[in-house]
Amino acid sequence: MDELFIHVKGGGGLCVPAAMSMTTYVLIEQEDWFEREIGFVRRLLKPAMRALDVGASFGTYTLAMAQAVEPDGKVWAYEPAAATMGYLRKTIERNKLTNVELYEAAMADREGIGRLQLEERSELNRLVADGAGQPVSLTTLDAEQTLRDFGRIDFVK
């Protein structure tokens with residue numbers, strides 16, 4: 001797995017594929033994520049808050065959330081694609097984000113097994129109804145609340 005570790009303006013860095021994916025290109029070019037929502041997340045979340053990152057990808061928002069909620073807060077990150085999860089794990093490890101828990105699953109409207117259509121650019125991966133795609137674990141927010149005992153959740157992405 002060829003990878004780059006790109007430092008971002010919000011602090012810390014992200015582990016991304018060395019191959020030029022959309023995420024890799026944007027982070028190299030802008031040293032941050034291009035969507036204005038990243039700034040909103042950094043301003044909204046405060047120390048000790050609790051957040052969910054659904055479809056965490058390489059961890060752009062996971063990193064911002066974890067930094068904002070600081071060590072007394074908590075972030076639960078869900079990413080169903082195994083290869084993408086590998087980069088996400090490295091992002092968490094390299095940034096020493098002890099307040100993040102990672103789960104290799106997709107949030108859906110039911111529990112069970114679903115199919116994830118893997119695209120060349122992982123940002124475009126999606127759950128599909130037909131038989132194509134990689135099998136992935138599906139979970140629901142209610143099931144995770146029961147299993148993980150989140151308690152109060154302040155923010156969901």
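The values are calculated or read from the model by the stated rules, or taken from the named source; none is laboratory data. Predicted model, so just to flag it, every value in this text is computed and none were measured. Quick reminder, even Gly has a Cβ in these numbers, built from the backbone with ideal geometry, and neighbours come from all protein chains shown. We work out accessible area using only protein heavy atoms, side chains counted, and drop any ligands, DNA or RNA first. Shrake-Rupley method; radii C 1.70, N 1.55, O 1.52, S 1.80 Å.
Would you confirm, using the coordinates I've provided, whether Arg121 is in contact with a helix residue (DSSP H, G or I) (Cβ under 8 Å, 6 or more places away or on another chain) and either of a type in the set (Lys, Arg) or open to solvent by 30 Å² or more (accessible area, probe 1.4 Å) (or both)? Working first, answer last.
Numbers: in contact with a helix residue (DSSP H, G or I) (Cβ under 8 Å, 6 or more places away or on another chain): yes; either of a type in the set (Lys, Arg) or open to solvent by 30 Å² or more (accessible area, probe 1.4 Å) (or both): yes.
It is true that Arg121 is in contact with a helix residue (DSSP H, G or I) (Cβ under 8 Å, 6 or more places away or on another chain) and either of a type in the set (Lys, Arg) or open to solvent by 30 Å² or more (accessible area, probe 1.4 Å) (or both).
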Among (1) in contact (Cβ under 8 Å) with a residue 40 or more places away in the chain; (2) open to solvent by 50 Å² or more (accessible area, probe 1.4 Å); (3) farther than 27 Å from Thr24 by Cβ, which single condition is Lys90 missing? (3)
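Taking the options Glu79, Glu31, Glu37, Glu101, name whichever one is open to solvent by 40 Å² or more (accessible area, probe 1.4 Å), at pLDDT 95 or above and not aliphatic (A, V, I, L, M).
Values: Glu79 fails: open to solvent by 40 Å² or more (accessible area, probe 1.4 Å); Glu31 fails: at pLDDT 95 or above; Glu37 fails: at pLDDT 95 or above.
It is Glu101.
Give the number of residues within the range 25-68 that are among the polar types (S, T, N, Q) and more than 30 Å from Thr140 (Cα to Cα).
In the first step, residues of the range 25-68 are kept if they are among the polar types (S, T, N, Q); the result is 30, 57, 60, 62, 67.
With the extra rule that they be more than 30 Å from Thr140 (Cα to Cα), the set shrinks to 30.
Count: 1.
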Give the range 124-157 a look and list any residue that's open to solvent by 60 Å² or more (accessible area, probe 1.4 Å), within 19 Å of Ala82 (Cα to Cα) and among the aliphatic types (A, V, I, L, M), or say none. Leu124, Leu127
Give the residues of the range 40-76 that are open to solvent by 20 Å² or more (accessible area, probe 1.4 Å) and on the phi > 0 side of the Ramachandran plot, sorted by residue number. Ala48, Gly55, Ser57, Glu70
